[in-house]
Each structure stands twice: as C-alpha cells, then as structure tokens.
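Notes to accompany the following structure.
The values are calculated or read from the model by the stated rules, or taken from the named source; none is laboratory data. As the structure is a computational prediction, the values presented were derived from the model and not from experiment. Methodologically, a virtual Cβ is constructed for each residue, glycine included, from the backbone with ideal geometry; neighbour enumeration extends over all protein chains shown.
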Amino acid sequence: MRSVWLAIAAVTPLLAQSVTYTRDIAPLFQQKCRQCHRSNDIAPFALDSYETAFDWKDDIKLAISDQRMPPWKPVSGHGEFRGDFSLTNEERDLITSWVNQGAPKGDDADLPADEIPEGEWSLGEPDLTLQMPEPFTPPTGKDMYRCFVLPVGSAETKFISATDIIPGDRRTVHHVVLFVDPTGDSEKLDAADPGPGYNCFGGPGFDIYGGALLRGDALALGGWAPGTRATHLPSGVALQLPPNSRVVMQIHYFVRRGTVADQTRVGLYFSKAQPEKRLMFVPALDTRFVIPAGAERHSVTASFIVPPLFDAHLINIFPHMHLLGTEIKVESVSLGGRNVTPLIYIDKWDFNWQGPYTYVKPLALPALSTVRVTCTFNNSDSNPRNPSNPVKPVRRGEGTEDEMCIAALGITLDRERLR
Ligand code: HEC
C-alpha cells in the first residue's frame, strides 16, 4: 500500500505541471516521428515546428490513441528489437495531455538541439553501391511491386555485414526487399517485361531456396521500410553472397499524386575480417493451406524444427503474409513443450509496413526446439484489403490474390567456425 502512495506522490507533480511543446513534445517527435515526418519523406507533413504540430494536434491525438501512429508493428513483450520507435504508454499520455491542455508552446529556450544532420548513408560510405540502371516512373494512385536486377559484378564470394537503402524518391518508395539471384533467372524475367525491371509481388518470381541453404549462401539480404535504420550484424556474423550474384531489389511503390522518377540505391558493407559464422535464412512456412471463401478468422500454422545437433541463435526475423493476413505470431517451443518463448507478435498486420526485425540480443534456439508460426487471415468481404471480389478460396502462392504464412528466421549455427 505504501508503495502505491509513493508512486502517486511521485506522479502528481508531473500531472499538475503543464506539458509544453518545446520541453516535452519536441524531443519525442524528434525521436519517434521525424524519421518519416520531414520534408520530402513518406509522411504527408513534417513535424518540425510548433506551428505544424499545433495545426495537426487533433489528428495526432487520434492517430496515437488508436495506435495507427507511429507505425511500429511488433506488440511489446514479444521480443525486443533494435530501432524500436513505438511510443510507451507514458509517452502517449504525455502527448494526449499536451493536446488536452490546448497544446501550449512553452519557452523557446527549452527546445532540444536540432538533429545532427547525418551523412547520406547512416553507416558511412558503403563498400559497394548498386543502383537501378535507369530511373523508373511508377503509376499514380495504385500500388506497384517491381523487381530490379542489380548485378554485383564480382566473381568471388563476398561476405556482407550490413545493407542500407537510399530511396530515389522517399515519398513513393514504401518498402524494399533484397533477394539474391546466383543463376540469372531474374534476368529472364526482366527481359520478358517491357521497361526497367519486372512486376513481382510476394517474392522475386523465381525459386530463391534452390540449394542456397546447403551452400550457406544468403537467399535474401534483408529489407527496408521508412523509419528503419540500418545496423551491422553482430561481430563475426555475415551474409555469404555467392560469386556472380545479382541483387534483386523488390520495391513497393505507392504514388499519392504526380508521377516522379525513382532511382533507388543499395549500399553493401563487406565484413572487414573473415567472419566466423554465416547468417542463414531458414523459412518456417506452410505450403498446403486453403483459406475458405468468406472465412473471417482462419488460422494457419507453420513450423520449423531445429535439426538434431544444430543448436542455433536467432539474429533477426521477417514475418510475411499478403493482403488477407490480420495477425501473425511466432514462438519457439522447447523439446517436450515446457517452455514457450515469444519471438514476435504483430496483431494488426499491414502488408505495407513489413520488414525484418533484429533482436537486441540473439536468442538461443536449441536443437529440436520448434519455431511455431500462427497466421490469421480474414478472407471475407469485411476485409477492406481483400483483393478478390467475389471472395474465393485462397491457397499459397506469390500473386496478389494468393497468400503466404511464413517467418524467415535469420540464424547462425553455434557449431560453425569459418575461421
Ligand atoms: C515509419 C514512418 C512514420 C513514423 C515513424 C511516423 N509516421 Fe505518422 N505517418 C506516416 C505515413 C506514411 C502517414 C500517411 C498515412 C499512411 O500512409 O498510413 C502518416 C500519417 C500521420 C498522420 C495523419 C493522420 C493519419 O493517421 O493518417 C498523423 C497525425 C501522424 N502520422 C502522426 C505521427 C506521429 C505523432 C508520429 C510519432 C509519434 C508519427 N506519425 C510517426 C509515417 C510515419
């Protein structure tokens, strides 16, 4: 009881004190909003002055209370990720009280120092920059998913410790996924589609798994969505890029108005020393499901069992569904089922805000534990994103009207020693 009173006593002066923009709100917007809400970026307005914050205060209150903003998807308590830009409950309350108090400005002297302007690449100049060979102009007013083939031009195996993306046009590039093509299949797809690149939706349109795992090759290099910051893999860990690879860059474009040419760049950072472990992507996926037409809540489960003797660590995770997905939950279950560890949970799935999430600390995945993925789909008319009208049974596939239930697990093997 005593501790409750102490807690109330500690909080009361805060509540009584007025919340000001310059002291309390501007630093929060700087950390949690401005990576997207700045000029010429994906968000529709810049949150960089008192005047704009004041003009938008009611929308801000609404958008943060129904948790549409900021668009950080993982639910807290299910895995701890780097670069988390979600608001805590206290931060949400602080912004709400500020709006309720009439959004006072406060003293200019309290304003935080402006963000230090970063160089163009947040990790410094990349070792190799790949760029779309020519600009591409996506259509206005509809989504487009397009793959571009970027030859790496190296006859040797390369080890990559980080990748970064600089969108050519930040207002229209909604998300990017990087796949690896060691055989040239992507070039055939490109040749068959007029204009730069080729249309592709869920994956890159060719089989990325073909033998890559056995060779320890990377089949994807990660992804990017607005607001994400590039990070290096833990020291000693790298992605193995096979000789003569192409990086296939899948871009989701959405152009609100006007057409603008885009020429997005990819930066590759090579490992400085010979790595000790390779990051491999193993998929926990279900390939044989059918989602009945009209089903509002249909669950599909997929699982991956860590093979005997192959104790592993989970570095990052990339959950993936298409437009019917509403929830995705991934857990690891120990042999015998006694311990269940939450890996990630996204309760309001949005295809437009997908990407890889990197754990603050790699998680142990002991041999014979099971990674279990539960996907929930809404294949009825009540799902405004349902691409089929009338609704129809849906199976696994790469098209817009097909579905996926997959978690790509970025793991290292405890026993691997390349050095
Ligand atoms: C990762 C990028 C990103 C971050 C971070 C972000 N926003 Fe947004 N915001 C957007 C985009 C994009 C839109 C346009 C609507 C959409 O596409 O969902 C938007 C729209 C809005 C809107 C307009 C109303 C609406 O809901 O569409 C408000 C208000 C808003 N954001 C407030 C905030 C606040 C406050 C923060 C920080 C606490 C924040 N946003 C952080 C990308 C972001």
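Here are a few things to note about the model shown:
- Selection within region 166-184 - surrounded by fewer than 22 Cβ atoms within 10 Å (Cβ to Cβ) and of a type in the set (Ser, Thr, Tyr): 183
- Any pair with Cβ under 8 angstrom, 6 or more apart, that starts in region 268-282 at a residue that is more than 8 Å from residue 237 (Cα to Cα) and ends at one that is modelled with pLDDT of 90 or more and charged (D, E, K, R): 268/127; 268/158; 269/127; 269/164; 270/127; 270/158
- Among the residues of region 351-365, those identified as farther than 18 Å from residue 145 by Cα and over 9 Å from the mean Cα position of the chain (by Cα) are 358, 359, 360, 361, 362, 363, 364, 365.
- Single match in 129, 163 (criterion: surrounded by fewer than 16 Cβ atoms within 10 Å (Cβ to Cβ) and either in a strand (DSSP E or B) or among the basic types (Lys, Arg) (or both)): 129
- The strands (runs of 3 or more DSSP E) found wholly in region 328-379 and carrying at least 1 residues that are surrounded by 17 or more Cβ atoms within 10 Å (Cβ to Cβ) and charged (D, E, K, R) occupy 370-377.
- Qualifying residue in region 257-273 (condition: of a type in the set (A, V, I, L, M, F, W, C), within 27 Å of residue 397 (Cα to Cα) and surrounded by fewer than 22 Cβ atoms within 10 Å (Cβ to Cβ)): no
- Remark: pairs (first residue in region 363-391, farther than 18 Å from residue 407 by Cα and touching a residue at least 12 places away in the same chain (Cβ under 8 Å); second residue not in a loop (DSSP other than H, G, I, E, B) and not hydrophobic (A, V, I, L, M, F, W, C); Cβ separation under 8 Å; 6+ apart in sequence or on different chains) = 378/298; 378/326; 379/298; 383/326.
- Residue within region 287-300 that is assigned by TED's automatic domain parsing to the domain that holds residue 407, modelled with pLDDT under 95 and of a type outside the set (Val, Ile, Thr) present: yes
- Single residue of region 233-247 satisfying the filter (assigned to a loop (DSSP other than H, G, I, E, B) and surrounded by fewer than 22 Cβ atoms within 10 Å (Cβ to Cβ)) that is nearest to the ligand (Cβ to nearest atom): 234
- Residue tally, condition of a type outside the set (A, V, I, L, M) and either in a strand (DSSP E or B) or under 18 Å from residue 217 (Cα atoms) (or both), over region 267-324: 22
- The C-beta contact set for region 86-101 (first residue under 20 Å from residue 353 (Cβ atoms), second residue among the aromatic types (Phe, Trp, Tyr) and assigned to a loop (DSSP other than H, G, I, E, B), distance under 6 angstrom, 6+ apart or interchain) comprises 86/72.
- Boolean, residue 208 is under 17 Å from residue 318 (Cβ atoms) and either hydroxyl-bearing (Ser, Thr, Tyr) or not in a strand (DSSP E or B) (or both): yes
- Residue 238 hydrophobic (A, V, I, L, M, F, W, C), out of contact with any strand residue (DSSP E or B) (no Cβ under 6 Å at 6 or more places or on another chain) and at pLDDT 90 or above: no
- Check on residue 250, touching a His at 6+ places or on another chain (Cβ under 9 Å), within 28 Å of residue 147 (Cα to Cα), surrounded by 15 or more Cβ atoms within 10 Å (Cβ to Cβ) and not hydrophobic (A, V, I, L, M, F, W, C): yes
- Region 290-323, residues that are farther than 20 Å from residue 75 by Cβ and within 18 Å of the chain's Cα centre (by Cα): 315, 322, 323
- Taking first residues from region 37-54 that are touching a residue at least 60 places away in the same chain (Cβ under 8 Å) and farther than 25 Å from residue 104 by Cβ and partners that are among the hydrophobic types (A, V, I, L, M, F, W, C) and more than 10 Å from the ligand (Cβ to nearest atom), the Cβ contacts under 9 Å between residues at least 6 apart in sequence or on separate chains come to 40/46; 42/173.
- Flag for residue 230 being within 23 Å of residue 363 (Cβ to Cβ), small (Gly, Ala, Ser) and surrounded by fewer than 20 Cβ atoms within 10 Å (Cβ to Cβ): yes
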